[in-house]
1. Considering only region 339-359, state which residues are part of a loop (DSSP other than H, G, I, E, B), acidic (Asp, Glu) and more than 28 Å from the chain's Cα centre (by Cα).
2. From the list 336, 300, exactly one residue is farther than 22 Å from residue 222 by Cα, among the β-branched types (Val, Ile, Thr), more than 23 Å from the chain's Cα centre (by Cα) and loosely packed, with under 14 Cβ neighbours inside 10 Å. Which is it?
3. Please verify whether residue 208 is closer than 26 Å to residue 3 by Cβ, surrounded by 18 or more Cβ atoms within 10 Å (Cβ to Cβ), at pLDDT 95 or above and polar (S, T, N, Q), treating the condition exactly as stated.
4. Which residue is surrounded by the fewest Cβ atoms within 10 Å (Cβ to Cβ), if the candidates are limited to region 43-63 and must be farther than 26 Å from residue 100 by Cβ and small (Gly, Ala, Ser)?
5. Could you please let me know if residue 96 is touching a Ser or Thr at 6+ places or on another chain (Cβ under 6 Å) and under 23 Å from residue 157 (Cβ atoms)?
6. Can you name the residue in region 154-167 that is assigned to a loop (DSSP other than H, G, I, E, B) and within 19 Å of residue 85 (Cβ to Cβ) and is also modelled with the lowest pLDDT among such residues?
7. I need the full set of residues from region 21-42 which are surrounded by fewer than 22 Cβ atoms within 10 Å (Cβ to Cβ) and farther than 20 Å from residue 184 by Cα, in order please.
8. Can you work out which of the residues in region 304-329 that are out of contact with any helix residue (DSSP H, G or I) (no Cβ under 8 Å at 6 or more places or on another chain) and loosely packed, with under 12 Cβ neighbours inside 10 Å is nearest to residue 254 (Cα to Cα)?
Amino acid sequence: MSDIALVGVTKAFGTVLALDDVSIEVAEGELIALLGPSGCGKTTLLRIVAGLEQPTGGRVLIAGEDVTDRPTRERPIGLVFQSYALFPNLTVRQNVSFPLEVRGWTAAATRARVDELLDLVRLGVQADRYPNQISGGQAQRCALARALAPDPAVLLLDEPLSALDVLVRTRLRDEIRRVQQEVGTTTIYVTHDQSEALAIADRVAVMNHGRVEQVGPPRRIYGQPQTEFAASFVGNRNAIEVEVHGGRVSLGALFDVPAPAEANGRVMSYFAPESVQVRPAPRAGSGEATKAQPATVTTIGFHGALTRLQLATEIDGRPVVLNADLASRQALDFEIGTEVELLVDTADVSCFPLPKPET
């Protein structure tokens, strides 16, 4: 049974359609990430689930009950804002206990619940400090504990890590996932960061212009994009326009794959940098036969475990530039100006039709 069901949700702000017939189901205990660029409608959708915005059309169901017209205070939700919104005059302990006190919990029950949550988010040592006396990461964990305090059926997180530096963001991303799995709360997590969404979610919903482009497990979203937007937004893929000939899509010696059935003469092809196989070019006069695409290394970027090579080649008289990601040890074989050969794993090539050019 779905813990959350969004059925045909639409939201218009004047003449601007922020959400266009969005339907998503979230299973009990599942964490689903709403992923997309700024302005795609993901935060508006979260606010509708929270009751902070009213939909223009459609319904919101939580645990099988229609809550579309219920105010926020009557919905079984916990909400973590981007800014955390901690009370500056209350300690960490008091911030976490606040939602329990307003619900009339006894002092003993409140203390037991707060101690449990502070231990869960590892803030016991900071319990008596004020928000201005703790770090941004600790403030985020305090906001998470406060949202979980009344044991909500649904946890909503709106870009909770965007204000943190990269190292802290990565650590707390994993912390949020650990906590969510321990408590088993059904969660909707809004982010524009694809690495964050892929790492933390059971399923990812890719959104664009108020619509859901694709929903699925992270591996499927990354490896099998179903729309051109999903292919272009997730994975930092190479994107190259290719003409269709005889029902095939060929890009020099890089790859040759079947064209999509609805192709209209041209497609946009996408493939991930890690799918590009790079090897040194045969030595001149060696007589070695090759079916690979010749190219030249033009840029080398070291990214720790991976190194990105930018490669220049020429296909059918036009210059083509693409990226390849290699294990950094393997990349030691290459320098700027190195002549190489390229192949692309055809299993990773996705092609999407382009409209015919106007005549």
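The values are calculated or read from the model by the stated rules, or taken from the named source; none is laboratory data. Keep in mind the model is a prediction, meaning the values are calculated, not measured. Methodologically, a virtual Cβ is constructed for each residue, glycine included, from the backbone with ideal geometry; neighbour enumeration extends over all protein chains shown.
1. Quick first cut of region 339-359, residues part of a loop (DSSP other than H, G, I, E, B) only: 345, 349, 354-359.
Okay, now just the ones that are also acidic (Asp, Glu), so 345, 358.
Across region 339-359, the qualifying residue is only 358.
2. Every option except 336 fails the conditions.
3. Judged against the criteria, residue 208 is a match.
4. Residue satisfying both the conditions and the ranking: 57.
5. Details: touching a Ser or Thr at 6+ places or on another chain (Cβ under 6 Å): no; under 23 Å from residue 157 (Cβ atoms): yes.
No, not satisfied.
6. Our first condition is that a residue be assigned to a loop (DSSP other than H, G, I, E, B); within region 154-167, this holds for 159-165.
With the extra rule that they be within 19 Å of residue 85 (Cβ to Cβ), the set shrinks to 159-164.
Values: 159: 90, 160: 87, 161: 84, 162: 80, 163: 71, 164: 78.
Among them, the one singled out is 163.
7. Result: 21, 23, 37, 38, 39.
8. Going through the qualifying residues, I end up with 316.
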